[in-house]
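Trainee: Below is a structure I'd like to ask you about.
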């Protein structure tokens, strides 16, 4: 493989930057450094572009990592902005989009779950939600994990008894479900509550999620007393249970946040070349969980620099609260606060408290970041030992930085897919997972499927990455000598030679622990049943199998729910629904006459004729 040790001339990269400097303004902006292929090496922002970029021409003052970046720089792209805050926002978005090789990168930045309270309709439901929040509903969060949001939903069910079921389930209920029996739903599906009372409970839930639980508790206590006074003890008991649920929530909220009801705590700890960042969420005065992050490619950056890069990238995709407590305090905290305020369209403060309750919270986050880093470093050391063992087992020159594992999945050849998972020093890299729909191989031809997947994967790799910077150091195939030969043949045919291939064949009776390993030019062999490398390779193989099976199942499920109506031109979701409601099934639609079709809601006479012709032309 080509590596960065074969580095281009540092002087030539410096000359490129000096040429750009001649036309650079002294205004704020963002600069991008690109290599000879046009790939982005680095994205940076500056208050004064000229003063910032000139630093890259002083090679002797740069760390080795940035010297390599300068050497690879073949051209630069410049965008000016009105303010440094605007430059920071643009920089963060570009880093998220481009993942440059020399920037500090936030990994594992998946979306956080929220609680969604629907608006509109007679019976709004309350659910957990992950993804876009642009449908007009009310969203409360974020919560750090699905567990945290599920715990909150259980409390909401106990206190407000709002429905959580889907519209389809709701519309087809004829009697109350189990949730009503265990006192977690008021059964609006069968008319056990009026529209007005249900709407009042929805507003109470919104107030609770905004942190107004004390007022609700007083209201519930008053209702319980009134029920007891009129000797309606069953109703009084119901109010008592709801008060207990509220009390349970408040018992865990013994933290004084003052006037700041929404805030995040972000603490970084750096040691041994790695950084852990602990993020703790408080919303409406309640702790909604915490999560640790481990930014990549930090190199020789300080904890302050890593934290500054993290804040920009993290809040590029997550809404910032009004207050962010940080440790340590980045030098450009003021610019970060200005940029986040600009993005949120309201004031956002970034501060490091020195005393009081907030300082105690920040100190706890610092301890959690330190503990998270210790655990991560222990895991990394174990992973390094495993990768060294893999290299020794298969005769590799060095521990593999990137391992690709391939598997295929189908049922009697139908809905066949090929799948690839990726693993390395930091574990599974799920952002690099890929799937391929099998188009050319004959149904059930496992060898043909393997050839197709490898041809498509490595033909693209040859075109996009001829220098092999992101090629695998080891490829594992779920299969024996046949699959190995198929993969080897296709790689030789397209000129993608030199990729180490290993086939993992299941042992007799498909017993785990008795796998046989196949390599070209070497006799098949097994590893001892208790060997740590064997366990690791089994995990890789099982993860590839899980991913392939899951992809195949999703593909098959989508095929099963397809309707013959999907093939009719001019039939969208609304008309499809109207036809199915009118005739009961796609078969009923196919057998209907033109006049009957035109009687369905939203179906014109011309469209009815088109639907009729579609089905009868086939027959």
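Trainee: Between residue 231 and residue 374, what is 0.36 nm times their sequence separation minus the Cα-Cα distance? Round to one decimal in nm. Walk me through the numbers on the way to the answer.
Mentor: On the way: separation 143, 0.36 × 143 = 51.48 nm, distance 5.99 nm.
The span from residue 231 to residue 374 would gain 45.5 nm if fully extended.
Trainee: How high is the relative contact order of the chain, given as a whole-number percent (alpha carbon pairs under 8 Å, six or more residues apart)? Walk me through the numbers before you get to the answer.
Mentor: Values: 1001 pairs, mean separation 51.2, N = 619.
Computed value for the chain: 8 percent relative contact order.
Trainee: Separate question: Using alpha carbon centroids, what distance separates segment 80-110 and segment 568-594, in Å?
Mentor: 49 Å
Trainee: According to a simple spin-label model (label point 7 Å from Cα along Cα-to-Cβ), what is the distance in nm between residue 577 and residue 439?
Mentor: Reported label-point gap for residue 439 and residue 577 is 3.3 nm.
Trainee: Would you calculate the separation in nanometres between label points at residue 401 and residue 18, each defined as 7 Å from the Cα along the Cα-to-beta-carbon direction?
Mentor: Placing both labels 7 Å beyond Cα along the Cβ direction yields 3.0 nm.
Trainee: How big is Rg to Rh over segment 229-374, alpha-carbon atoms, Rh as the Kirkwood inverse-mean-distance radius?
Mentor: 1.14
Trainee: Kindly list the residues of segment 28-59 that lie in the label zone of residue 9, defined by a backbone N under 18 Å from the point 7 Å along the Cα-to-C-beta vector.
Mentor: 35-37, 57-59
Trainee: Among bridges DSSP assigns within the chain, what percent are antiparallel (round to 5)?
Mentor: For the chain, the DSSP antiparallel bridge percentage is about 80.
Trainee: Can I get the semi-axes of segment 10-98's equivalent ellipsoid? Compute them from the C-alpha gyration tensor as square roots of 5 times the eigenvalues, in angstrom, largest first.
Mentor: 20, 15, 11
Trainee: Additional query: Using only helices, what value at 222 nm comes out for the chain when you add -39,500 (n - 2.57) per DSSP H run of length 4 or more and divide by the total residues, to the nearest 500 deg cm²/dmol?
Mentor: -14500 deg cm²/dmol
Trainee: Related question: Over segment 402-559, what is the relative contact order in whole percent, taking alpha-carbon pairs under 8 Å and six or more residues apart?
Mentor: 24 percent
Trainee: Once you compute Rg and the Kirkwood Rh from C-alpha atoms, what is the Rg to Rh ratio for segment 402-559?
Mentor: Rg/Rh: 0.95.
Trainee: Then there is this: Express in nm, to one decimal, how much length is gained between residue 430 and residue 219 on full extension, taking 0.36 nm for each residue of separation and deducting their alpha carbon distance.
Mentor: Residue separation times 0.36 nm, minus the Cα-Cα distance, leaves 71.1 nm.
Trainee: Can you tell me the mean projection area, over all orientations, of the convex hull of the chain's alpha carbons? Units nm², please.
Mentor: 37.8 nm²
Trainee: So how far, in whole Å, is the C-alpha centre of segment 446-510 from the one of segment 294-368?
Mentor: 44 Å
Trainee: Just the ratio, please: alpha-carbon radius of gyration of segment 114-251 over 2.2 N^0.38 Å, N its number of residues.
Mentor: So the Cα radius of gyration is 1.05 times the expected 2.2 N^0.38 Å.
Trainee: Could you bin all the Cα-Cα distances of segment 564-618 into 5 Å bins starting at 0 and give me the percent of pairs in each, rounded to whole numbers?
Mentor: 4, 24, 39, 28, 4
Trainee: Each label point is 7 Å from the Cα along the Cα-to-Cβ direction; what then is the distance between the points at residue 360 and residue 132, in nm?
Mentor: With each label placed 7 Å out from Cα toward Cβ, I get 4.4 nm.
Trainee: Could you give the length gained on full extension between residue 75 and residue 173, defined as 0.36 nm per residue of separation minus the Cα-Cα distance, in nm?
Mentor: Fully extending the segment from residue 75 to residue 173 adds 28.8 nm.
We did not get these values from a lab; they are worked out from the coordinates using the rules stated. Note that the structure is predicted; figures quoted are calculated from it, not measured. In this analysis, Cβ positions are derived from the backbone assuming ideal geometry, glycine residues included, and neighbour counts consider all displayed protein chains.
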